[in-house]
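Asker: Quick one: structure below, then a few questions.
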Amino acid sequence: MTERMGTTERIFQAVLFEVLAVSLSILGLALFTDHAIGALSGTMIIIATIAMCWNFIFNWFFDRVATGAKEKRSLLFRLFHVVLFQGGLLVLTVPIMAYILKVSLWQALLMDIGVTLFVTCYAFTFNLVYDHTRAYILTSKKSTRVINT
């Protein structure tokens, strides 16, 4: 089993995830809506801040419940994780998106579902790559320690 993430690494992971997600989401929304990049950027930065907090809280709790080596999680388990995370985030962000962009809750829901579908695929890929890269780095560090001693 690989070692647990500390608070610093968890913050790094969340910030890296959100910076990439916000940039790609702004581009996607700009392509599919008539909102200005400035309005979309402000909205997505606020939503990303909420998402980072949710990411930290949700994954801290989730990792306490779901123990074991993260790189060995099954496809079905990873899908469950992503759907649960994104569903909770959707509940938090639709009213905020509606308010900031001055659209109806229905329009905000449709926009947020579009972003959520994109981010769900992105989250799955990001976490899969992150977990395996992390496991590789930790294994490499252990191998280097063994060689140097």
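Asker: Cut-off is 10 Å between beta-carbons; in what order do Ile47, Ile37 appear when sorted fewest neighbours first?
Answerer: On the way: Ile47 24, Ile37 11.
Listing Ile47, Ile37 from fewest to most nearby Cβ atoms yields Ile37, Ile47.
Asker: If you don't mind, another one. What length, rounded to one decimal in nm, is gained on full extension from Leu128 through to Leu110, with 0.36 nm per residue of separation minus their alpha-carbon distance? Mind showing how you got there, number by number?
Answerer: Working: separation 18, 0.36 × 18 = 6.48 nm, distance 2.71 nm.
This chain segment gains 3.8 nm when fully extended.
Asker: Oh, and also: Consider a paramagnetic label point 7 Å from the Cα of Lys102 along Cα→Cβ; state which residues of segment 21-55 have an amide N under 18 Å from it.
Answerer: Under 18 Å, as judged by backbone N against the label point of Lys102, lie 33-44 of segment 21-55.
Asker: Continuing with the same structure: What number comes out for the charge environment of Ile47, summing +1 per Lys or Arg and -1 per Asp or Glu over other residues with Cβ under 11 Å away? The partial results should precede the final answer.
Answerer: Values: positive: none; negative: Glu18, Asp112.
So the surrounding residues net to -2.
Asker: Still on this structure: Counting C-alpha atoms alone, how compact is segment 1-102: give Rg to one decimal and Dmax as a whole number, in angstrom.
Answerer: In order Rg, Dmax, the Cα atoms of segment 1-102 give 15.5, 48 Å.
Asker: What is the spin-label model distance, in nm, from Ile37 to Leu84 if the labels are put 7 Å beyond Cα along the C-beta direction?
Answerer: Inter-label distance under the simple model: 3.9 nm.
Asker: So, one more: How big is the gap, in Å, between the Cα center of segment 47-97 and the Cα center of segment 114-142?
Answerer: 13 Å
Asker: Rank Ala66, Leu79, His35 by how far each Cα sits towards the positive end of the charge dipole of segment 1-92 (+1 on Lys, Arg Cβ; -1 on Asp, Glu Cβ) and give me just the farthest.
Answerer: Of the listed residues, the answer is Ala66.
Asker: Run the numbers for Val19 and Leu117: contour at 0.36 nm per residue of separation, minus the present Cα-Cα distance, in nm.
Answerer: Difference between extended and current length: 33.6 nm.
Asker: First select every other residue whose beta carbon is under 12 angstrom from the beta carbon of Val119; then total the charges, Lys and Arg +1, Asp and Glu -1.
Answerer: Working: positive: none; negative: Glu18, Asp112.
With Lys, Arg at +1 and Asp, Glu at -1, the net is -2.
Asker: Give me the angle, in degrees from 0 to 90, between the Cα long axis of helix 75-101 and the longest principal axis of the Cα atoms of the chain, rounded to the nearest 10.
Answerer: 30 degrees
Rule-based calculations on the coordinates, nothing more; no lab input. Just so you know, these numbers come straight off a predicted model, no measurement behind them. Every residue, glycine as well, gets a Cβ built from its backbone with ideal geometry; the counts of neighbours run over all protein chains shown.
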